[in-house]
Number of protein chains: 2
Amino acid sequence: MKAYKDLSREELQAVQTELQAQYDKLKEAGIKLDMSRGKPGTDQLDLSAPMLDVLNSKSAFKGADNVDLRNYGVLDGIKEAKELFAELMECPADHVMVFGNSSLTIMYDLISRAMVHGIGGNTPWCRQDKVKFLCPVPGYDRHFAITESFGIEMITIPMDENGPDMDMVEEYVNHDAAVKGIWNIPKYSNPTGIVYSDEVVRRFANLKPAAPDFRIYWDNAYAVHHLYIDNKAQILNIVEECEKAGNPDMYYELCSTSKITFPGAGVAALITSPANIAEIKKTVTIQTIGHDKLNQMRHVMFFKNAAGIHAHMEKHAAILKPKFEAVLDCLEQELGSLEIGSWIKPLGGYFIAFDTLEGCAKRVVGLCKEAGVVMTPAGSTYPYKNDPADTSIRIAPTLPTPEELKQACEVFVLCVKLASVEKYLEA
Amino acid sequence: MKAYKDLSREELQAVQTELQAQYDKLKEAGIKLDMSRGKPGTDQLDLSAPMLDVLNSKSAFKGADNVDLRNYGVLDGIKEAKELFAELMECPADHVMVFGNSSLTIMYDLISRAMVHGIGGNTPWCRQDKVKFLCPVPGYDRHFAITESFGIEMITIPMDENGPDMDMVEEYVNHDAAVKGIWNIPKYSNPTGIVYSDEVVRRFANLKPAAPDFRIYWDNAYAVHHLYIDNKAQILNIVEECEKAGNPDMYYELCSTSKITFPGAGVAALITSPANIAEIKKTVTIQTIGHDKLNQMRHVMFFKNAAGIHAHMEKHAAILKPKFEAVLDCLEQELGSLEIGSWIKPLGGYFIAFDTLEGCAKRVVGLCKEAGVVMTPAGSTYPYKNDPADTSIRIAPTLPTPEELKQACEVFVLCVKLASVEKYLEA
């Protein structure tokens, strides 16, 4: 099949007629599929069901230092959970603070606290003239929603396969004191799946921020979420690199078990310097007496150690790999030679990012929706939901079955083709 | 025994010599006891241990509307949990939003949200010149800590056995637009145990606030925490009264299972108008994808309905009543005729509030500490930890065993006597 760009107007019209006929037929089929959401499938959730048996009415309910896990207290998480996250994330346990079920909440509260109370004794952001955040794109819509909700100005930073454009990042961070943070998903990034290179991580650690209350928001959401057990991506450790660079307090690293055990009932943790933890505890102690220690212990008893988590993640990979490959195979087979879209084959994470021809993403998502396939709204991966080139589409292949995925993907590629032909015919 | 105020100087000196000898002997005994914290005892926690068996690896994990309880979603709580809280708190289910494990966090976040985003479209508090809260005293130190942490000016409102001084409350709320809220524990108040009278609740519901973003913070923490199953206090329903008064959005009512099941692993809920819930959801949806639905379902399956909770609370009462009575009997027996302290016999809740002679509370708590009995720091029950008369002491009788309580209470009354004699001798 020839690339669309090389087709004559007549050829394009012929292709359009054929595609339109296929599309109309598809619409009649009454398909109802959803590739919009980064949710684990039921079979993945079943992997962790035995975790609910490790604590029961016969349990001792005692933690380290004789803590009754059922009662009030232990603001920063039980010792056993801190040690588990420390081993998993390869940092000292005194760099770990364990929270409730959501790393999103930890991040929201970090920003909320900075707005009202400030960071490191600096003026609270709500009393500063202007606060800006850098937003590598395409990125995670819920990150951008947090900064938008606080009225923080978001600046788009392009990414390539090694991470954000670090020249731009350095330019902003090192010279503009209004720049207070940058959102990152450094490993298996949402949605592109790219992995930050060692050079990118080192340049992050060696930033010389103009703002003393600048922090790197390092959302390591997919730290152990590999698709290929023989090809696991590694990134440099932000804790160690920042310490080496003399910036020990410059990062907040986040992680959680939301996509390891249960998204609704996992455990989330903040990893940062002991000085940052001491500061954060001063306000968290006003907000809560402590998080759910029973659920923390449930995780500790179920996994025992980091090796337990890694072994568990291999079971997730076995379920997810065929799903990702169903989509990737379909894209390659149907679009490989047409030059109307591009994508990166991810080695982990929860998404495949697809780039259409300029100005086609919204149209593709709209066509999919009409045909019964729900995609994440186009633009969602950009601050203010505004993708200026209108090319970025996020595909979430984890929740549907492989059969459903195959069908959904057929709809998707057809819509990509149709929108692309339309674009060329309009030109 | 004569009242201390009627003793001559010589008699007081003789009493002091005798008390001091007893106190010195006690100090040598090396007692280590704690009456400082409103924590349930182990036997109370054991009552809820079977709750951990109702969900296990064999469970269906399905909620109403086919929700997978393990996965992401359901921002405002599962339907079943909303219905349970609605029945318990006697309000419609659409007035309930279920959160995580802490009503303290709900309250902190309500204030935090008002600071940054405002309430009801009004100017955020951080951009208003002055924000004030009314604080009935003695009250709950963690309430006051929240408002203090946000720099909100706290105004002390005296309470009697019917609740706060409503003339003062009306004067402030109806005429000062800087007054944005009032903290309340309307039933079995912390620490006095008093119960708001019907008139007080009605006057609350009929406030005509000068500030459109004024809300009543109605922390109904001890709604079902009776000590006497044949003498359960009832208060008027704030939801109904506010609706009747044409102020349907004026209250935020809080409750939780922290002292019903597990303080670290309970479920908390906000009860307020559907309009308020709709507003709150707009920001909570940025902060989290949802709270722990498995733990919500655990509670629903364990209790089944409000009757299940009431029956469970009778078991708590059977454990707590002897503890409260051990303290009350000791106070009555040792101090009943001395006129050096007063207290209210509570019908529920977690505390006994004790008033010393003026200027003696700190000294009593200090003497207790020296003798090995930890009390809540004097002043804690006042905003800024400042009890101007230095009379208020909070006794928390729930955690120690009855035997420990008896011993701790003997130390306490001795310290009250000693501090009181010192005061009269200094006069």
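The values are calculated or read from the model by the stated rules, or taken from the named source; none is laboratory data. Just so it is clear, the model here is predicted, and its values are computed rather than measured. With ideal geometry, Cβ positions are generated from the backbone for all residues, glycine too; neighbour counts draw on all protein chains shown.
Return the residues of segment A:35-55 that are closer than 29 Å to B:Asn56 by Cα and away from chain B (no Cβ under 11 Å); say none if nothing qualifies.
Scanning segment A:35-55 gives a single hit, A:Asp43.
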It is to be established whether one or more residues within segment A:250-258 are touching a Pro at 6+ places or on another chain (Cβ under 6 Å) and modelled with pLDDT of 95 or more.
no
Would you please name the residue that is surrounded by the most Cβ atoms within 10 Å (Cβ to Cβ), looking only at residues in segment B:325-383 that are out of contact with any strand residue (DSSP E or B) (no Cβ under 8 Å at 6 or more places or on another chain) and hydroxyl-bearing (Ser, Thr, Tyr)?
B:Tyr350
Taking into account only those residues within segment A:269-288 that are part of a helix (DSSP H, G or I) and under 15 Å from A:Asn247 (Cβ atoms), which is farthest from the other protein chains (Cβ to nearest Cβ)?
A:Pro274
Taking segment B:279-296 and the residues there that are within 21 Å of B:Cys91 (Cβ to Cβ) and of a type in the set (A, V, I, L, M, F, W, C), the one that is surrounded by the fewest Cβ atoms within 10 Å (Cβ to Cβ) would be B:Ile280
If B:Ile277 passes every condition in (1) under 22 Å from B:Glu80 (Cα atoms); (2) outside the structural domain of B:Gly118 (by TED's automatic domain parsing); (3) among the hydrophobic types (A, V, I, L, M, F, W, C) but one, which one does it miss?
(2)
Restricting to segment A:252-268, and then to whatever is at the interface with chain B (Cβ under 10 Å from one of its Cβ atoms) and more than 18 Å from A:Tyr108 (Cβ to Cβ), can you tell me which residue is surrounded by the most Cβ atoms within 10 Å (Cβ to Cβ)?
A:Ala265
Residues located in segment A:118-143, provided they are of a type in the set (Asp, Glu) and within 12 Å of chain B (Cβ to nearest Cβ):
A:Asp141
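Based on this model, can you work out whether A:Arg394 counts as buried (at least 21 other Cβ atoms within 10 Å of the Cβ) and basic (Lys, Arg)? Let's see the steps before the verdict.
Values: buried (at least 21 other Cβ atoms within 10 Å of the Cβ): yes; basic (Lys, Arg): yes.
Taking the combined requirement at face value, the residue satisfies it.
Within segment A:84-101, count every residue that is out of contact with any Pro (no Cβ under 9 Å at 6 or more places or on another chain) and either under 22 Å from B:Gly266 (Cβ atoms) or touching a residue at least 60 places away in the same chain (Cβ under 8 Å) (or both). Give the derivation first.
Step one: filter segment A:84-101 for residues out of contact with any Pro (no Cβ under 9 Å at 6 or more places or on another chain), giving A:84-85, A:87-91, A:93, A:96-100.
Retained after the next criterion (residues that are either under 22 Å from B:Gly266 (Cβ atoms) or touching a residue at least 60 places away in the same chain (Cβ under 8 Å) (or both)): A:84-85, A:87-91, A:96-100.
Of the residues in segment A:84-101, 12 are out of contact with any Pro (no Cβ under 9 Å at 6 or more places or on another chain) and either under 22 Å from B:Gly266 (Cβ atoms) or touching a residue at least 60 places away in the same chain (Cβ under 8 Å) (or both).
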Quick check: is even one residue across segment B:414-423 within 18 Å of B:Ile352 (Cβ to Cβ), crowded, with 24+ Cβ neighbours inside 10 Å, of a type in the set (Val, Ile, Thr) and modelled with pLDDT of 95 or more?
yes
Scanning for something modelled with pLDDT of 95 or more and either touching a Cys at 6+ places or on another chain (Cβ under 9 Å) or polar (S, T, N, Q) (or both), does segment B:23-38 turn up at least one residue?
yes
Any hit, segment A:21-34, residues being surrounded by 13 or more Cβ atoms within 10 Å (Cβ to Cβ), under 26 Å from the mean Cα position of the chain (by Cα), under 29 Å from A:Glu404 (Cα atoms) and touching a residue at least 40 places away in the same chain (Cβ under 8 Å):
yes
Name the residues in segment A:289-298 that are more than 9 Å from every other protein chain (Cβ to nearest Cβ) and of a type in the set (Lys, Arg), would you?
A:Arg298
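For (1) over 29 Å from A:Lys5 (Cβ atoms); (2) of a type in the set (S, T, N, Q), each residue gets a yes or a no:
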{"site": "A:His316", "(1), (2)": "yes, no"}
{"site": "A:Leu320", "(1), (2)": "yes, no"}
{"site": "A:Cys330", "(1), (2)": "no, no"}
{"site": "A:Gln333", "(1), (2)": "no, yes"}
{"site": "A:Leu338", "(1), (2)": "no, no"}
{"site": "A:Phe354", "(1), (2)": "no, no"}
{"site": "A:Ala361", "(1), (2)": "no, no"}
{"site": "A:Val365", "(1), (2)": "no, no"}
{"site": "A:Gly372", "(1), (2)": "yes, no"}
Taking segment B:99-117 and keeping only residues that are under 15 Å from the mean Cα position of the chain (by Cα) and either more than 7 Å from every other protein chain (Cβ to nearest Cβ) or under 14 Å from B:Arg215 (Cβ atoms) (or both), one is left with B:Ser103, B:Ile106, B:Met107
Looking at segment B:389-404 only, could you name the residues that are under 21 Å from the mean Cα position of the chain (by Cα) and either in a loop (DSSP other than H, G, I, E, B) or of a type outside the set (Gly, Ala, Ser) (or both)?
B:Asp390, B:Thr391, B:Ile393, B:Arg394, B:Ile395, B:Ala396, B:Pro397, B:Thr398, B:Leu399, B:Pro400
Here are some conditions: (1) surrounded by 21 or more Cβ atoms within 10 Å (Cβ to Cβ); (2) of a type in the set (A, V, I, L, M); (3) within 14 Å of another protein chain (Cβ to nearest Cβ). B:Val67 meets all but one. Which one does it not meet?
(1)
